[in-house]
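Please treat every number below as a calculation from the coordinates, not as lab data. Just so you know, these numbers come straight off a predicted model, no measurement behind them. Here the Cβ is made from the backbone with ideal geometry for all residues, glycine too, and neighbour counts use every protein chain on show.
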């Protein structure tokens, strides 16, 4: 430590003046930095430029100025932006993000060679960055460098799974090759495959989605049944009954649920109500209207499984349209429907019945079973329905028309049991033949 003699007033004055001078210099620098930062944070490129001039060695300031010039919607100046980005990488050459900004500006001017070189510099600096791989891969896809671009995209999604949905979209729009998507982009896991499935559902592309689905099943990994619902809904919408049934059976197996064919040949899934309602797919669905409670109850007969009980609170004159199920069928074929209903104190002239119809082609007709009101023990409802040339699904549901009398509000209880839909030729042969 050095001691300064401050015995004299002159010495003390010198120290004081020196301290004031240093403080002034520091204050000036601080003010300059504050002003520069204030200007750089502006949304006006000219103001940002004045801020950069105060701190010319600040790489981030140059990069910000360049981005504002490049993306100025009213008056973009890509050439000036390139100079700004060059200054950024000159003062901070180890930042991959400044190199990527420079690459983007080069690409905007059509200078693909320099853009590629700048992306490569970014990759060399940060080879494990998902962000760098993602932007470089997309650049390559835009330049028809499909295989190389796919490789970079795959590297990005393996590091950052949140990029998978975007990767599926970019890769598909690049070459419309679902096999390349599977082989060159997506990691082999449920998350990636379901992201691809959701994408193809969203653009209504069933064929590549089915390829993704088959690949997904080869993983032999369990997943919730509900995860298949959006895809099956799309197949129902497209009237693809065979595909919907195959996907449904595969989803049941993956969820660990029974998926064997009914012994009597019925196409209705879980017609004896042994399972909880899945509320989607090709299972039973129930959208509870106001004033109706649903539960499972005792079976119709001793060797049965369960029945479904509906309790009506008497508060509304409702239109009931459920429980319901979409059943895959074949065109130009006859089916035998059977279901059982039981009622207790159903108080209106409009009671409960089964409704079977093609949900997509109203002209192909519908079948309504007898109206059941009041109190009845188990009543068997039978119907024959012939599908039209375009029919691929039948919608089986419990139905009630609203009463013609507005104040005739529904109360009472109804039970449903043992619902089946069997091709007539199968029924004629019997289940053992």
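One decimal place: the segment residue 297-residue 238 gains 17.7 nm when fully extended, by the rule 0.36 nm per residue minus the C-alpha distance. Peptide packing: for 202-212, 125-135, the average count of neighbouring Cβ atoms within 10 Å per residue gives the ranking 125-135, 202-212, highest mean first. When peptides 106-112, 341-347, 255-261, 362-368 are sorted by average Cβ neighbour count within 10 Å, with the highest value leading, the order is 341-347, 106-112, 362-368, 255-261.
Taking the alpha-carbon centroid of each part, what is the distance from the range 251-293 to the range 358-400 in angstrom? Centre-to-centre (Cα) distance: 18 Å.
Extension gain for the segment residue 175 to residue 142, taken as residue separation times 0.36 nm less the Cα-Cα distance, is 10.8 nm to one decimal. In this label model, residue 221 and residue 188 are separated by 1.2 nm, measuring between points 7 Å along each Cα→Cβ vector. For the range 292-429, a/c is not less than 1.5, where a ≥ b ≥ c are the root eigenvalues of the C-alpha gyration tensor, and a/b does not top b/c. That puts it in the oblate class. Between residue 366 and residue 344, the C-beta separation translates, for a Förster distance of 22 Å, into a calculated FRET efficiency of about 0.20.
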